[in-house]
Structures are given as structure tokens and as C-alpha cells.
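S.K.: Below: one structure in C-alpha cells.
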Ligand code: HMG
Ligand code: MG
């Protein structure tokens, strides 16, 4: 049975921009976020507190957050103690940590083993939960790793359960390099739904490298998932995951779900305006189906 309503978490300002070669000034990032909020997104990843040497595009995180906080769920990503401290100082109330199930990927992305990251994050997350923060955990390489290949479902479950023990509110389970197929999505999310607490929010995060993302969303809904990370314009990709391309485009997901009678609360026209705003600032053209239809290209 399919859900009547689906929540979309807009990740364009973070995942969408982090790998963009052109530096986008903070004022343009802030306007992009504002246009996306006008389109109806209640949950969004705004930016990340990561090393400016590793990800120069996110070096203005403090300025972006300082201009964008409101009553909605505004996530900022933080990979370690230092990032979490910076996030707390910035005034956000919704913090997203991230870790890779695959050790080789986690080393490339955060310069630590998966276990080292989990050990560093545990006391930090427990402290955040004591103070009433909303904590989301993004779990990379939940299907395939660019270095290790297929990732075992029970390894994913183990990481999810550890985060659950720490008290995280939401798990965003990611196909980092867009290699999962619908059958694998159905199977992994069925397993996670079965073993995780009913109160833990489970979100699916798809990159569309091989054009499987919409089919993967459908299969995930059949397994009971009703929350998806999407990116305006289909922008995105992790700089440390060779072969990763953009996230599934928010506008294509909104279109598909609306046509299926599933509500998202997002205005497609306004969302396309946000994509049209950011498009000329980027080094490559926006390629989502809805964007191209709308622009007659
Ligand atoms: P490191 O070099 O091992 O860090 O990098 P370190 O602890 O040795 O510190 C080196 C310097 O970085 C120090 O400064 C620290 O203060 C500073 P210095 O003394 O040299 O001036 N530093 C920081 N600065 C800002 N923010 C921080 C921070 N931490 C240390 N949080 C580090 C380790 C984690 C910092 C680095 O590897 C890093 O920044 N990685 C981020 C990688 C990243 O952003 N990846 C993309 C996001 S994840 C993703 O896209 C996947 C996702 O979408 C899901 C999916 O699709 O799979 C979520
Ligand atoms: Mg991603």
C-alpha cells in the first residue's frame, strides 16, 4: 500500500552545491534557500560545517545559517566534534551527522574508520539529545561503496541500530553512488522497517547516476517509506565518492507523486523558479526532466 502523503527533505543547498566548481556567494545561496522555502519545503539541509580545505563551497556555512533560520527543520551537516560544536554555536536546532557504512568510503570522506566516527559521535549525539536537539544521521554507502562494492544489509542495519541507541530521531539511508535497484531498495527498507523502532523516522536518499532513482522511490514506498531526500534541479554528489552524480531532482519527484495522487505540499511552479534561479550560477546545466520541459530545452 502506498502512502497518501510523502515528506520531501530538500538537500539542494547542501548536497546539491557542495560539489559545484563555481563558488556561489552566500547571498545567492541564501536567496536559493528562500525560494525553496517559498515552494513549501518544511525540511531542508542548508549547509555543512566541514573543513573548508576539503569542501571549499561550504566555507560560508555560518553566514548562510545566520540568514536562514526560522521555525522549520533547517538541518546543518556536521561530521565530527568540531563540526557539531560549530553547529551548536550557529544556533541551529537540527543537526545531521554523517557516516559511511563502508570503512574505505568513510576514510576517504571523513578521514576516519567507520568505528572511529561512531565512537566520536556517540557522546556528542547523546549530549545533543539531552539538550533537545533534533538529530538526523545520514548513512552513506548503504547499498554500494565505490571502493568495496556491494554493502551487506546487516552492516547497514547495525549502523542504524547503533544510531537508534544513541537516540537519533531520523536515519537518512543513502545510495551514495546511485547503484541500487528497486528490488534492493524494497528489501533493505523492508528489513530496516522490521528491525527499527516505529518512532525512528526512516528517509531514503537517492543519487540518480544510473536513472534508477524514481523507480527506487516507488519500491521504497512499497516497503513503507514516506520520506525522501531530493535536490532542486537534480544537483549534487559527494566529492569523495567517485562516480556519484546528482540527487534525484525534487521537481521530478513532486511531479511523479502528484500524478499518483500522493501529496507533498510542494508547489511545482515555485520549485522550478528556484531551480531557474540557481541554474545560471552553475558550471553545468540543470538536467531534470521537469526543468527541461518547463524551459522548452
Ligand atoms: P582532517 O584533515 O582529518 O581533520 O579532516 P583534522 O581533525 O585533522 O583537522 C584538520 C583541520 O580541519 C583543523 O584546522 C581543524 O580545526 C579543521 P587547522 O588546525 O588545520 O586550521 N576541522 C574543521 N573545520 C571545519 N569544520 C569541521 C572541522 N573539523 C576539523 N567540522 C574532516 C576531517 C572531517 C574535517 C574532513 O574530512 C571533512 O571536512 N570532510 C567532509 C567531507 C564532506 O563534506 N563530504 C560531503 C558530505 S557527506 C555526503 O555528501 C553524503 C550524503 O549526501 C549521503 C550520501 O549521498 O551518501 C550525506
Ligand atoms: Mg548525497
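Read-outs throughout are calculated quantities, based only on the coordinates presented, and are distinct from any laboratory measurement. Here the structure is a predicted model, which is why all the values come from computation and not from measurement. All Cβ positions, even for glycine, are placed from backbone atoms using ideal geometry, and neighbour counts span all protein chains on display.
S.K.: Which order, highest average first, do 17-30, 264-277 follow once you tally other Cβ atoms within 10 Å for each residue and take the mean per peptide?
M.R.: Numbers: 17-30: 16.8, 264-277: 19.3.
Ranking the peptides 17-30, 264-277 by packing returns 264-277, 17-30.
S.K.: Further question: May I have the extent of the alpha carbons of region 123-170 along their three principal axes, as whole Å values ordered from largest to smallest?
M.R.: 38, 17, 16
S.K.: Please list 211-219, 154-162 highest first by mean number of surrounding beta-carbon atoms within 10 Å per residue.
M.R.: Details: 211-219: 20.2, 154-162: 17.3.
Averaged packing, sorted descending, gives the order 211-219, 154-162.
S.K.: Could you state the orientation-averaged shadow area of the convex hull built on the Cα atoms of region 32-106, in nm² to one decimal? Mind showing how you got there, number by number?
M.R.: Details: hull surface 22.2 nm².
Convex hull of Cα atoms, orientation-averaged projection: 5.6 nm².
S.K.: Could you give me the percent of Cα pairs per 10 Å distance bin for the chain, shortest bin first, beginning at zero and ending with the bin that holds the maximum distance?
M.R.: 7, 31, 40, 21, 2, 0
S.K.: If you average the alpha carbon positions of region 1-49 and of region 219-297, how far apart do those two centres end up, in angstrom?
M.R.: 10
S.K.: Suppose R0 equals 22 Å. What FRET efficiency, 1/(1 + (r/R0)^6) with r the Cβ-Cβ distance, do residue 195 and residue 122 give to the nearest 0.05? Walk me through the numbers on the way to the answer.
M.R.: On the way: r = 20 Å, r/R0 = 0.90.
The calculated FRET efficiency here is 0.65.
S.K.: Limiting things to C-alpha atoms, what are the Rg and the maximum Cα-Cα separation (Dmax) for region 112-216, in angstroms?
M.R.: 13.9, 41
S.K.: Direction-averaged shadow area of the convex hull around the Cα atoms of region 225-297, nm²?
M.R.: Details: hull surface 23.1 nm².
The number I arrive at for region 225-297 is 5.8 nm².
S.K.: Would you please report the Å³ per residue occupied by the convex hull of the alpha carbon atoms in region 181-229?
M.R.: Roughly 61 Å³ of hull volume per residue.
S.K.: In addition: Per residue and in cubic angstrom, what volume does the convex hull of the Cα atoms of region 208-263 have? Please list the in-between numbers first.
M.R.: Details: hull volume 4.6 nm³, N = 56.
Residue-normalised Cα hull volume stands at 83 Å³.
S.K.: At 222 nm, what helix-only mean residue ellipticity would the chain give, in deg cm²/dmol to the nearest 500, using -39500 (n - 2.57) for each DSSP H run of four or more? Don't jump to the answer; show the numbers that get you there.
M.R.: Numbers: 11 runs with 120 residues, N = 297.
Taking each H run of at least 4 residues, the total per residue is -12000 deg cm²/dmol.
S.K.: Can you give me the convex hull volume of the Cα atoms of region 55-168, divided per residue and expressed in Å³?
M.R.: Numbers: hull volume 11.8 nm³, N = 114.
Dividing the Cα hull volume of region 55-168 by its residue count gives 104 Å³.
S.K.: Highest mean first, what order results for 186-194, 279-287 on Cβ atoms within 10 Å?
M.R.: Details: 186-194: 17.8, 279-287: 13.7.
Packing order, densest peptide first, comes out as 186-194, 279-287.
S.K.: Indicate the gyration tensor shape class of region 151-297 (rounded, prolate or oblate), computed on the Cα atoms with a ≥ b ≥ c the square roots of the eigenvalues: a/c under 1.5 is rounded; otherwise a/b larger than b/c is prolate and the rest oblate.
M.R.: Working: a/c = 2.07, a/b = 1.66, b/c = 1.24.
Since a/c reaches 1.5 and a/b is larger than b/c, the shape of region 151-297 is classed as prolate.
S.K.: Oh, and also: When the Kirkwood radius is taken over all Cα pairs of region 1-135, what Stokes-Einstein diffusion coefficient follows at 20 °C and 1.002 mPa s, in µm²/s? Before the final figure, lay out each step's value.
M.R.: Working: Rh = 15.6 Å.
Using the Kirkwood radius from Cα pairs, D works out to 137 µm²/s.
S.K.: To one decimal place, what orientation-averaged projected area in nm² is obtained for the convex hull of the Cα set of region 1-65? Walk me through the numbers on the way to the answer.
M.R.: On the way: hull surface 21.7 nm².
Quarter of the Cα hull surface area: 5.4 nm².
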